[in-house]
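K.L.:
Provided herewith is a single structure, encoded as structure tokens, for subsequent inquiry.
The values are calculated or read from the model by the stated rules, or taken from the named source; none is laboratory data. Every value quoted in this text rests on a predicted model; they were computed, and no experiment measured them. Glycine gets a Cβ as well: all are built from the backbone with ideal geometry, and neighbour counts include every protein chain shown. Only protein heavy atoms, including side chains, enter the accessible area calculation; ligands, DNA and RNA are left aside. Shrake-Rupley method; radii C 1.70, N 1.55, O 1.52, S 1.80 Å.
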There are 2 protein chains.
Amino acid sequence: MEQKKTRTEIKELGQFALIDTLTSNFRSTKEHTIKGVGDDAAVISISEDEAMLLSTDMMIEGIDFDLTYFPPKHLGYKVVTRGISDIVAMNAIPEQITISIGVSAKISVEVLRDFYQGVRFACEEAEVDLVGGDTSASVTGFVINITAVGRQKKNKISYRSGAKKNDLICLTGNLGAAYMGLRLLQRERYVLSGGAKIEPKFEGYEYLLEKYLKPRARYDVVDSLEELGLVPTSMIDVTDGLSSELLQIAKASSCGVRIYLDRIPLAKQTNALADEMNLNSVTAAMNGGEDYELIFTLPLEKREEILGIGQIDIIGHITDKEQGCVLVTSAGDEIKLEAQGFNN
Amino acid sequence: MEQKKTRTEIKELGQFALIDTLTSNFRSTKEHTIKGVGDDAAVISISEDEAMLLSTDMMIEGIDFDLTYFPPKHLGYKVVTRGISDIVAMNAIPEQITISIGVSAKISVEVLRDFYQGVRFACEEAEVDLVGGDTSASVTGFVINITAVGRQKKNKISYRSGAKKNDLICLTGNLGAAYMGLRLLQRERYVLSGGAKIEPKFEGYEYLLEKYLKPRARYDVVDSLEELGLVPTSMIDVTDGLSSELLQIAKASSCGVRIYLDRIPLAKQTNALADEMNLNSVTAAMNGGEDYELIFTLPLEKREEILGIGQIDIIGHITDKEQGCVLVTSAGDEIKLEAQGFNN
């Protein structure tokens, strides 16, 4: 006898579809709510010309980080980066954070002290205040939630939805390094546990480790844009990989995206380790994530000004929705962009 | 050979000491941060006379709730209550929330749908907007973090630290009902699993179940105080039990507290079930927690106005710090207040 199916597995829907499904019938009713679910941060009006930005992120041990190779101090630093990067991705300045933690009995006070030392260091560096938190027991492992608050003039906030045809697609820094740092740590853990006969080797890959363990949010870019009087037509930070983020902009802005493979910036160490491990560094850039770099769009005529900022690459441009989202290879072939992440 | 001790267990310090230790060396530096760690919510200046309130709470399956007897819809409702109650406890009006969830493979999409139905119902009832969130996988069970945002005129915000000698200690509703509701559910689970020979019995205890499974934040009290032009000198919500909350006010306000046992309001059902289960209903009120009622203080001369609100009891008054925090029995004996909770 067949049973009627009454249980749907989360993996059948995927993360983005799940969030859409669960929050699709929520309507904002408060006059102060400018933007609710659907961007890097919510936007709340606080005066005629200013708004507050609000974002929240959860990180769970064994899923988002592994304490066997993630030093607690770096973890504290990285959690702050993850939180404030969402504010930065709206072209806004982070000012306050709160951190909630759930800790099981296996987590010692010393681990928590190291964790909060990292939090404190990141707060001082980014000039944000830790203003609250909550502590709970947990059944297994370490659970962290960060909420970040920022502020910006309403007419300077960049949403995902403002990209226009022919806008240039700009990218800060380089991509794939954080992912390669993770792969390096995973390999060395395997080596250290006796799973392979080779020696651990971190030399020459310090940059990759730093990009994975201690990435910095690009609030400096918000300052640079402010100095030049530029307000991106759209903006997002790279947490899930270039493909996924560009698809978010395309969806929110109802546009297409055309980027060029040979313009995607990769660090030397990213290429070197990818070669050594027989991996594809472009795949790391497209789908690796956790780079905390910024993708933003600006009108074509701002080209010279953008390049004047330094360490920013123009990797492509916005097209009509009908043209879809494509990566163009050196040979001129077009590859359709696809989102990775939670689904895989 | 003795080893130097390098690992401290969290239980050696206790939750409150832990939070104090971990965040004691954080200093707020932003001009907009009015109040950081140490109250129900952080306070951030948004204009000359107005501030935004920000609070965060984490709830973990198996610690804060048990899905074997907590229906997901009620859980969604209660999470919202927990979040916005922290804003209400500052005498402010909640306006927005964000909810992050961590879900393991055992949680189905249907459970999440029910959960968000409860969230939605509570949002509509309390007139708050869900404006963001995050979804993560989890190794075991269901993890929830709520962040709540509210707003209030700066001169109407009630901190824990403003209680003055001779102020009246006021309490909304009644206490201990949520704890007795939890005990009832635990007993019936035991019965249902065949652990006892008696029949499950909820009749006559519906109010207790509702107070535990679907408590409402007392934002109505903020409205009543506003109508009367009253601003409490201090305020806190009852999440950890009356003892613990009064000790928080005493600590923050550098004062003593004197409350009277026969003035502590208990519901009929609380007394009835306590009798039936051979429990002490006063202990449930003092240490049970999760009532989401409000404790606040007001000057002696406001006595008539307070009692005019209805369903508010004056349970004692503020004393000098040297007199400590005591509960006075009907016989006139004094019992020193002690905090329960995480430590036990």
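K.L.:
Per-residue Cβ counts within 10 Å, from other chains only, averaged over B:94-103: what number is that?
P.N.:
Taking the mean over all residues of the peptide, I get 6.
K.L.:
Separate question: Size of the dipole of the protein assembly as shown about the Cα centre, Lys and Arg at +1 and Asp and Glu at -1 on the beta carbon, nothing else charged, in debye to 20?
P.N.:
Computed charge dipole of the protein assembly as shown: roughly 980 debye.
K.L.:
Partner chain Cβ atoms within 10 Å, averaged over the residues of B:28-34 - can you pull that number for me?
P.N.:
Averaged over the peptide's residues, the number is 5.
K.L.:
Which of the listed residues, B:GLY62, B:ILE99, B:PHE121, is farthest toward the dipole's positive end in segment B:32-137, when Lys, Arg count +1 and Asp, Glu count -1 at the beta-carbon?
P.N.:
After comparing all options, I get B:GLY62.
K.L.:
For segment B:160-336, what is the relative contact order in percent, using Cα pairs closer than 8 Å and at least 6 residues apart in sequence? Show your work: numbers first, answer last.
P.N.:
Values: 341 pairs, mean separation 75.7, N = 177.
43 percent.
K.L.:
Moving on. Counting only residues 5 or more places away or on other chains, whose amide H sits under 5 Å from the amide H of A:LEU279 once H atoms are built in the peptide plane?
P.N.:
Under 5 Å from the amide H of A:LEU279 lies no amide H from a residue far enough along the sequence or on another chain.
K.L.:
Which order do you get for A:ARG7, B:ARG151 if you rank them by accessible area with a 1.4 Å probe, largest at the top?
P.N.:
Working: A:ARG7 90, B:ARG151 20 Å².
Sorted descending by solvent-accessible area, the residues read A:ARG7, B:ARG151.
K.L.:
Still on this structure, I have one more. Please find, in a Gaussian network model of chain A (springs between Cα atoms separated by less than 10 Å), the residue of A:SER138, A:SER161, A:SER254 whose mean-square fluctuation is greatest.
P.N.:
Comparing A:SER138, A:SER161, A:SER254 in the GNM, the peak value goes to A:SER138.
K.L.:
While we're on this one: Would you kindly give the portion of the calculated P(r) for segment B:192-297 that falls above 22 Å, as a percent of all Cα pairs?
P.N.:
45
K.L.:
Report the charge-dipole magnitude of segment A:160-336 in Debye, nearest 20, computed about the Cα centre from +1 at each Lys and Arg Cβ and -1 at each Asp and Glu Cβ.
P.N.:
Around 460 debye, computed over segment A:160-336.
K.L.:
Ordering B:PHE26, A:PHE202 from largest to smallest accessible area (1.4 angstrom probe), what's the sequence? Provide the component values of the computation, followed by the final result.
P.N.:
Numbers: B:PHE26 30, A:PHE202 70 Å².
The most accessible residue leads, giving A:PHE202, B:PHE26.
K.L.:
Let me ask something additional. Straight-line reach from B:LYS30: which lysines have Cα under 27 Å away, leaving out those fewer than 8 places along the same chain?
P.N.:
Cα-Cα hits under 27 Å: A:LYS35, A:LYS73, A:LYS78, A:LYS153, A:LYS154, A:LYS156, A:LYS214, B:LYS153, B:LYS154, B:LYS156, B:LYS251.
K.L.:
With an 8 Å cut-off on Cα pairs and a minimum separation of 6 or more residues, tell me the relative contact order of chain A in percent.
P.N.:
Values: 687 pairs, mean separation 71.3, N = 344.
It rounds to 21 percent for chain A.
K.L.:
Please list, in chain and number order, the residues 5+ apart from A:ILE93 or on another chain whose amide H is under 5 Å from its amide H, with Hs placed from the backbone.
P.N.:
A:ARG151
K.L.:
For A:LEU182, B:LEU112, give me the order by solvent-accessible area with a 1.4 Å probe, most accessible first, ignoring ligands, DNA and RNA.
P.N.:
Order by accessible area, largest first: A:LEU182, B:LEU112.
K.L.:
Here is a further query. Show me, for segment B:127-133, the HN-Hα J-couplings you get by feeding each phi into the Karplus relation (A = 6.51, B = -1.76, C = 1.60, θ = phi - 60°), rounded to Hz, glycine and proline as x.
P.N.:
Values per residue, Gly and Pro as x: 6, 10, 9, 7, 10, x, x Hz.
K.L.:
Given the Cα-Cα distance of B:PHE121 and B:PHE202 and 0.36 nm per residue of separation, how much length would full extension add, in nm?
P.N.:
Here the segment from B:PHE121 to B:PHE202 would lengthen by 26.7 nm.
K.L.:
In whole Hz, with x marking every Gly and Pro, tabulate ³J(HN,Hα) for segment A:72-86 from phi via Karplus 6.51 cos²θ - 1.76 cosθ + 1.60, θ = phi - 60°.
P.N.:
Working through the residues one at a time gives x, 5, 5, 4, x, 4, 5, 4, 5, 4, 4, x, 6, 4, 5 Hz.
K.L.:
Please list 3J(HN,Hα) in residue order for segment A:202-216, calculated via the Karplus relation 6.51 cos²θ - 1.76 cosθ + 1.60 where θ = phi - 60°; whole Hz, with x for glycine and proline.
P.N.:
Result, rounded to whole Hz: 10, 4, x, 10, 4, 4, 5, 4, 5, 5, 7, 8, 9, x, 9.
K.L.:
Hey, with R₀ at 35 Å, roughly what FRET efficiency would A:ASN155 and A:ASN271 work out to, going by the Cβ-Cβ distance, to 0.05? Let's see the in-between values first.
P.N.:
On the way: r = 41 Å, r/R0 = 1.16.
Efficiency for this residue pair is about 0.30.
K.L.:
List the residues whose amide H sits under 5 Å from the amide H of A:ASP167, counting only those 5 or more places along or on another chain, with H placed 1.01 Å from N in the peptide plane.
P.N.:
A:ILE318
K.L.:
If the elastic network links every pair of Cα atoms under 10 Å, which of B:ALA105, B:ALA89, B:ALA42 fluctuates the most in the Gaussian network model of chain B?
P.N.:
Its mean-square fluctuation being the largest, the pick is B:ALA105.
K.L.:
Pick from B:GLU290, B:GLU203, B:GLU301 the residue whose mean-square fluctuation is largest in a GNM of chain B, springs joining Cα atoms under 10 Å.
P.N.:
Of B:GLU290, B:GLU203, B:GLU301, the Gaussian network model singles out B:GLU203 as fluctuating most.
K.L.:
For Cα pairs less than 8 Å apart in space and 6+ apart in sequence, what is the mean separation divided by the residue count of segment B:12-155, i.e. the relative contact order in percent? Can you show the working numbers first?
P.N.:
Working: 251 pairs, mean separation 46.2, N = 144.
In percent, rounded to a whole number, it is 32.
K.L.:
Can you give me the Cα centroid spacing of segment B:16-46 and segment B:218-268 in angstrom?
P.N.:
When both Cα centres are located, 22 Å separates them.
K.L.:
Further, regarding this structure: Quick one: give the max-minus-min coordinate of the C-alpha atoms of segment B:160-336 along each principal axis, largest first, in Å.
P.N.:
Each principal axis gives a Cα extent; for segment B:160-336 these are 55, 37, 25 Å.
K.L.:
How many angstrom lie between the Cα centre of segment A:284-344 and the Cα centre of segment A:76-137?
P.N.:
30
K.L.:
Under a Cβ-only charge scheme (Lys and Arg +1, Asp and Glu -1), can you give me the dipole magnitude of chain B about the Cα centre, in debye to the nearest 20? Mind showing how you got there, number by number?
P.N.:
On the way: 37 positive and 51 negative charges, 161 e Å.
Charge dipole, chain B, about its Cα centre: 780 debye, nearest 20.
K.L.:
Report the full-extension gain for the segment B:THR68 to B:LYS165: residue separation times 0.36 nm, less the Cα-Cα distance, to one decimal in nm.
P.N.:
Difference between extended and current length: 30.3 nm.
K.L.:
Provide the solvent-accessible area of A:HIS74, counting protein heavy atoms only and rolling a 1.4 Å probe, rounded to the nearest 10 Å².
P.N.:
About 60 Å², rounded to the nearest 10.
K.L.:
While we're on this one: What's the percent breakdown of Cα-Cα distances in the protein assembly as shown across 10 Å bins, shortest bin first?
P.N.:
Taking all Cα pairs of the protein assembly as shown, the binned fractions are 3, 14, 24, 25, 17, 10, 5, 1, 0, 0 percent.
K.L.:
A:ASP134: accessible area at probe 1.4 Å, nearest 10 Å²?
P.N.:
Roll a 1.4 Å probe over it and A:ASP134 shows about 20 Å².
K.L.:
For B:VAL139 paired with A:GLU9, estimate the spin-label separation in nm (one decimal), with each label point 7 Å from Cα along the Cα-to-Cβ line.
P.N.:
2.2
K.L.:
Among the lysines, which fall within straight-line cross-link reach of A:LYS201, defined as a Cα-Cα distance under 18 Å, with same-chain neighbours fewer than 8 residues apart omitted?
P.N.:
A:LYS211, A:LYS268
K.L.:
Moving on to the next point. If each residue of separation counts as 0.36 nm, what is the full-extension length gain between B:GLU226 and B:ASP49 once their alpha-carbon separation is subtracted?
P.N.:
Fully extending the segment from B:GLU226 to B:ASP49 adds 62.1 nm.
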